[in-house]
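Each reported figure results from applying straightforward, stated rules to the coordinates on display, with no laboratory input. Being a predicted model, the structure only gives us computed values, none of them experimental. Positions of Cβ are generated from backbone atoms using ideal geometry, with glycine treated the same way; all protein chains shown enter the neighbour counts.
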Amino acid sequence: MAERARRPPLSGDLAQRVVDLIAPTISHNINVMDEHGTIIACLDPDRRGTLHRGAQKVIARRRGVLVTAPEPGTADRPGANEPLMVDGELRGVVGVTGDPHEVAPLARVVALTVQLLIAQEHEQDAATRRHTEARDLIAALGSGTARPGDARARLSAAGLAPPWSLALWAAPAPRPDGSAAPPDLAETAVARINADAGLRAAVLHGALWLVGSGAAPAPHAPGLPVEGRHTATAPTDDVTVLLAHAEEARALCRYAGLIPDTAGGPPWSRTIAVAVAHLPPRSLDRLAGLALELNGAQRSTVAAVASTTSMQAAADSVYVHRNTLLQRVARIRSVTGLDIRRADHLTTLQMALYACDAVGGSHTTLARRAGKTGRITVEPHP
């Protein structure tokens, strides 16, 4: 059987912080000694680094020791000393100075308190390490420069076995009534997620990222942001596909409006959203200006035609008569110059709607640009 990995020595800085926290409450000097009996923390700086004979006896006997008459030539003082157990291991000794018989009960309580505080600090340090490792992993996946072999090694080191999935949460869309959205839960979610062996999370580029083994958590899973924008990929065994998903997610973070709202909405195309996210700013503005010419009914008509297989099915999906839908189609052509019964024109208007979501439909500059100058011409097929 393999031996248990040896833990690093007890930190003197950590032990001193604990001593400084406890000592004022008990009106006694407290010493913390390492596993060799050397004083690493106390209120008297001159004693730090000196050998404590009483502590050595505690380590040898693995039980408490009272020092009633210190040995000549030592720095020991009368008091009680107790073993310091951390995670079931003897990591050092805690001593309380004073009349040995009077402080013995106190020493046991102090030793337990020191033990709990050190264990808590270790857990916080471990959580910080997990957070840093998760952030580095996700940043590498979305960097666009990661090689598949390196990405697979990073995922394996994080304990994430294939298939992998990627999820993204962005800030909620502004509420129609202008009221404030609830506090952002992203940072809280990160701590909870990173405690899970099969998930890693970080807040990057203004969004909450989550990569994990198997299917991604549902948008409204406990501990995750309830309101906001969310997208997730299907699990994949191909690390190159995961890298592509991560690069796409980074592009989507440029414009949170491109990510679908958890409250629902029209069918969403990841392909179109990513394509729009990569457009140059002027092209994005031009497309968005085109969509600003459409009213709500016309926008829903474009979405319906794009997500169904016939005009009748599109009419049924928006609960209107087919003739009413065709009238809307004609009006859209009159306003924009594009006939959504043509695949290329329909794709252009779809992208325009996504662009409008990206920059915000109430953008005053775009509103001024909307009109004839905002039209996009698609050449007819020869």
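Scanning the range 312-325 for residues that are in a helix (DSSP H, G or I) and either basic (Lys, Arg) or surrounded by fewer than 16 Cβ atoms within 10 Å (Cβ to Cβ) (or both) yields Gln312, Ala313, Asp316, Arg322, Asn323, Thr324. For the range 255-264, the count of residues that are on the phi > 0 side of the Ramachandran plot and small (Gly, Ala, Ser) is at least one.
Mind checking whether some residue in the range 32-49 is in contact (Cβ under 8 Å) with a residue 60 or more places away in the chain and at negative phi? Among the residues of the range 32-49, at least one is in contact (Cβ under 8 Å) with a residue 60 or more places away in the chain and at negative phi, which makes the answer yes.
Restricting attention to the range 273-318, the residues being small (Gly, Ala, Ser) and closer than 18 Å to Arg342 by Cα number 10. Entry remark, the range 144-174: residues being outside any helix (DSSP H, G or I) and touching a residue at least 12 places away in the same chain (Cβ under 8 Å) number 18 in total.
May I ask you to verify whether Asp76 is over 46 Å from the mean Cα position of the chain (by Cα), farther than 19 Å from Pro105 by Cβ and crowded, with 19+ Cβ neighbours inside 10 Å? The answer is yes for Asp76. All of Arg135, Arg129, Arg91, Arg108 fail the test of being in a helix (DSSP H, G or I) and touching a residue at least 60 places away in the same chain (Cβ under 8 Å), apart from Arg135. Given the residues Ala249, Ala216, which is the only one that is surrounded by 23 or more Cβ atoms within 10 Å (Cβ to Cβ), touching a Ser or Thr at 6+ places or on another chain (Cβ under 9 Å), under 21 Å from Pro162 (Cβ atoms) and not hydroxyl-bearing (Ser, Thr, Tyr)? None of the other options fit; the residue is Ala249. Of the residues making up the range 55-105, those that are among the β-branched types (Val, Ile, Thr) and touching a strand residue (DSSP E or B) at 6+ places or on another chain (Cβ under 6 Å) are Val58, Val65, Val67, Val93, Val94, Val96, Thr97, Val103. With a requirement of 1 or more residues that are in contact with a Pro (Cβ under 6 Å, 6 or more places away or on another chain), the strands (runs of 3 or more DSSP E) lying completely within the range 1-87 that satisfy it span 65-67, 79-86. Look at (1) touching a residue at least 12 places away in the same chain (Cβ under 8 Å); (2) under 26 Å from Arg250 (Cα atoms) and you find that Arg282 fails only one, number (1).
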